[in-house]
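Values in this text are rule-based calculations from the coordinates and carry no lab data. No experiment lies behind these values; they were computed from the predicted model shown. When we count neighbours, we look across all protein chains shown, and the Cβ atoms used for this are built from the backbone with ideal geometry, even at glycine.
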Amino acid sequence: MKTFPRLLLTLATCIGISPIAIAQENRPVLVPLPSLDDFTRGEDGWAFGLGAGIEYESAYEGAEEFGLEADPAGAVQWRSGDNIFYWAGEALGWRGLRSDTWLFEATVAFEEGREESDSDDGYLDGLGEGEEGVELVLQARRAFQTDWRYWLDGRVVAGENGNQALLGAGYRFGAQNDGTGSEIAVAVVFHDSDYANKDFGVTAAQSGASGLPETNLSGGFRSIGFNYNYRNNLTANWQIFGEAVIEYYSSDVQDSPIVRRDYEAEVGIGVIYIF
C-alpha cells in the first residue's frame with residue numbers, strides 16, 4: 001500500500017466492477033455515514049448483523065511485513081429513538097444523536113497485545129509479549145448540516161497501557177441517506193509516553209534480549225492518517241463493506257528501531273447479512 005489515492009482507486013475498482021444495480025432503500029439510520037453501521041432500519045428494538053471480512057494489513061505497528069487476515073464482522077444492536085447500544089466483537093458501546101448534527105459515542109473495548117510471532121522475519125524477537133488491556137473510547141462528531149456531508153471528529157482513548165487522542169474531518173459522497181455510499185476522512189493523532197512506548201519503545205531488558213538500542217519516547221504528535229469507507233446494499237439483507245487506511249508516522253516515531261516503515265496500512269473488504 002504505497003499511497004492512499006492508489007488504495008482508494010484499487011478498492012473502488014474492485015467493488016464497482018459488478019454490473020448488478022440494486023435500487024437503494026431510503027432506510028432511516030442514526031447517522032448516514034458508511035463508517036457507522038446501523039442494522040436497525042430505523043426501528044426501535046433489536047437488530048443483528050453477521051458476516052466476515054478479509055484484510056491485507058501491516059503485521060504490527062511499524063512493520064514492513066504485510067499479511068492477510070480473516071475477521072468476523074457485524075454486531076448486535078438495540079435501538080431506542082436516537083440511541084443505539086451495541087456489542088461488536090470485543091467492544092461494547094453506545095452512540096446517540098443530538099440536535100441532528102451532534103453524534104456522541106462511548107465504547108469499552110479490549111485491546112490485544114503485540115506478540116513476537118507477529119513478525120515472521122523475527123524483527124520482534126526478544127521484545128516479549130505486549131500487554132493486553134481495556135480501553136475507554138469517547139468520541140464526538142459534529143456535522144456542518146443535517147445531511148452529514150461534511151463533519152468534524154474528536155476522539156479520546158484512555159486505557160491501561162496509555163492514552164491517545166484524535167482530531168479529524170470527513171466528507172461523505174453521494175446523496176443517499178440510508179448509510180450506504182462512501183466517505184473519506186483525514187485525522188491527526190497524538191499519544192502520551194505510555195502509549196508511545198507500548199508500540200515503539202525498547203526497555204533496557206528488551207534491548208539486552210533483542211539487540212535493539214534502548215528507546216524511550218515522549219508523548220506528542222504520533223501520526224497523520226487517511227481513511228476511506230464504503231458500504232452498499234447488495235440485496236434487502238446482504239451488505240458489502242470496504243475500508244482503506246494509511247497512517248503516516250511522525251519523525252519521532254520513525255526513529256524507533258521497531259519501526260521499519262514510515263507508515264502502517266490496511267485494506268479490507270467483507271459482507272454482512274442483516275437479519
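Note that region 197-211 has calculated 3J(HN,Hα) couplings of 6, 4, 9, 10, x, 10, 6, 4, 5, 5, 4, x, 7, 9, x Hz, one per residue in order, obtained from phi through the Karplus relation 6.51 cos²θ - 1.76 cosθ + 1.60 (θ = phi - 60°); glycine and proline are x. Of the residues ALA209, ALA91, ALA196, the one that moves most in a GNM of the chain with alpha-carbon contacts below 10 Å is ALA209.
Remark: region 126-136, residue by residue, has Karplus-estimated 3J(HN,Hα) of x, 8, x, 8, x, 6, 7, x, 10, 10, 9 Hz, where x stands for each Gly or Pro and the curve is 6.51 cos²θ - 1.76 cosθ + 1.60 at θ = phi - 60°. Remark on VAL134: its backbone amide H falls under 5 Å from those of GLU111, GLU160, a criterion applied only to residues 5 or more positions apart or on other chains, H modelled at 1.01 Å from N. Spacing of the modelled spin labels on ILE54 and GLU111, each 7 Å from Cα toward Cβ, amounts to 3.1 nm. The spacing between region 38-68 and region 78-151, judged by their C-alpha centroids, is 11 Å.
FRET efficiency for the ASP147 to ASP255 pair, using the beta carbon distance and R₀ = 41 Å, is estimated at 0.40.
In order along region 260-274, phi translates into HN-Hα couplings of 10, 9, 7, 8, 10, 9, 7, 9, x, 8, x, 10, 9, 9, 9 Hz, rounded to whole numbers, per the Karplus curve 6.51 cos²θ - 1.76 cosθ + 1.60 with θ = phi - 60° and x for Gly and Pro. Think of the chain as a dipole: +1 on every Lys or Arg Cβ, -1 on every Asp or Glu Cβ, centred on the Cα centre; then among GLY170, GLN77, SER207, GLY170 lies furthest on the positive end. Here the gap between SER80 and VAL134, fully extended at 0.36 nm per residue and compared with their Cα-Cα distance, gives a gain of 16.8 nm. Short-range pairs are left out: with C-alpha atoms under 8 Å and at least six residues apart, the relative contact order of region 69-134 is 20 percent. Dipole of the chain computed with +1 at Lys/Arg Cβ and -1 at Asp/Glu Cβ about the Cα centre; of ALA109, VAL156, GLN254, farthest Cα towards the positive end is VAL156.
How high is the relative contact order of the chain? Use alpha-carbon pairs under 8 Å, at least six apart in sequence, and give a whole percent.
Numbers: 695 pairs, mean separation 55.0, N = 275.
It rounds to 20 percent for the chain.
Think of the chain as a dipole: +1 on every Lys or Arg Cβ, -1 on every Asp or Glu Cβ, centred on the Cα centre; then among ASN237, ASN227, PHE144, PHE144 lies furthest on the positive end.
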